[in-house]
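Following: one structure in structure tokens, then a few remarks.
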Amino acid sequence: MNLPLVRLAVSVVALALGVTLVARVLLDRSAPPLPVATPPAEVASLGKWVPAASPGEPVALAFTAGDGTTRELALLRGRVVLVNLWATWCAPCIKEMPALDRLQAKLGGPDFEVVAIALDRQGERVVRPFFENLALKRLALNLDPSNAASRVFKASGLPVSVVLDREGRELGRVLGAAEWDAPEFESVLRDAMRR
């Protein structure tokens, strides 16, 4: 057996696999984006409620409902809305989805709604099975494969949850997974609903 030829063959195969992997990440729109380093200040506040400095202007955003129709945040004015940006490939997102489903079951109605928007590029094809696997019954399936919501909310990572007042203005946000049905977050939301 010719050892230099075997080494050459192994090197060629390894190089080919490496090029294939890089090409897949760069060309496959369904692959998750490459991770971006989270600034230290944001790491310290992961999973914690951060009130907005000021409510600002009402947030304008359109996205796609699970039935293919267009939904707009403006049509939810009059309710307190918790907008959650997530993706099926995001481990912290998966962790918090059942809590969001329980929160919608507990508080959802004419005064409050959880609007979880999946940013998966493959859309419903990957999100619907995810909902079924986790047995999410109360959350509506919402999609934004264009990632417009991430830009509108200036999200530096996933998950990010933003609470909007009845006029559609930001009251505050949580970066990272949170137990949304825990008393501390329920208190924040009930306070917003009393306003």
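The values are calculated or read from the model by the stated rules, or taken from the named source; none is laboratory data. Since we're looking at a predicted model, the values are computed, not measured. Neighbour counts run over all protein chains shown; Cβ positions are idealised from the backbone, glycine included.
Within the stretch 71-96, residues that are within 11 Å of L158 (Cβ to Cβ) sit with their Cβ atoms under 9 Å from residues that are of a type in the set (S, T, Y) and part of a helix (DSSP H, G or I), at 6+ positions apart or across chains, in these pairs: L85/S150.
Let's see how each residue does on (1) modelled with pLDDT of 95 or more; (2) within 19 Å of A182 (Cβ to Cβ); (3) not assigned by TED's automatic domain parsing to the domain that holds G157:
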| site | (1), (2), (3) |
| --- | --- |
| G47 | no, yes, no |
| A74 | yes, no, no |
| D101 | yes, yes, no |
| A116 | yes, yes, no |
| Q122 | no, no, no |
| L136 | yes, yes, no |
| L141 | yes, no, no |
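Could you identify the single residue in V127, V162, V188 that is in contact (Cβ under 8 Å) with a residue 24 or more places away in the chain and more than 23 Å from A74 (Cα to Cα)?
Going through V127, V162, V188 in turn, just one is in contact (Cβ under 8 Å) with a residue 24 or more places away in the chain and more than 23 Å from A74 (Cα to Cα): V127.
Candidates in the stretch 70-96 are the residues that are in contact with a helix residue (DSSP H, G or I) (Cβ under 9 Å, 6 or more places away or on another chain) and over 22 Å from M193 (Cβ atoms); of these, the one that is surrounded by the most Cβ atoms within 10 Å (Cβ to Cβ) is W86.
Taking the stated definitions as given, is F112 assigned by TED's automatic domain parsing to the domain that holds A91, closer than 15 Å to W86 by Cβ and in contact (Cβ under 8 Å) with a residue 40 or more places away in the chain? No: the conditions fail for F112.
Restricting L136, L141 to those that are in contact (Cβ under 8 Å) with a residue 40 or more places away in the chain, among the aliphatic types (A, V, I, L, M) and at negative phi reduces the list to L141.
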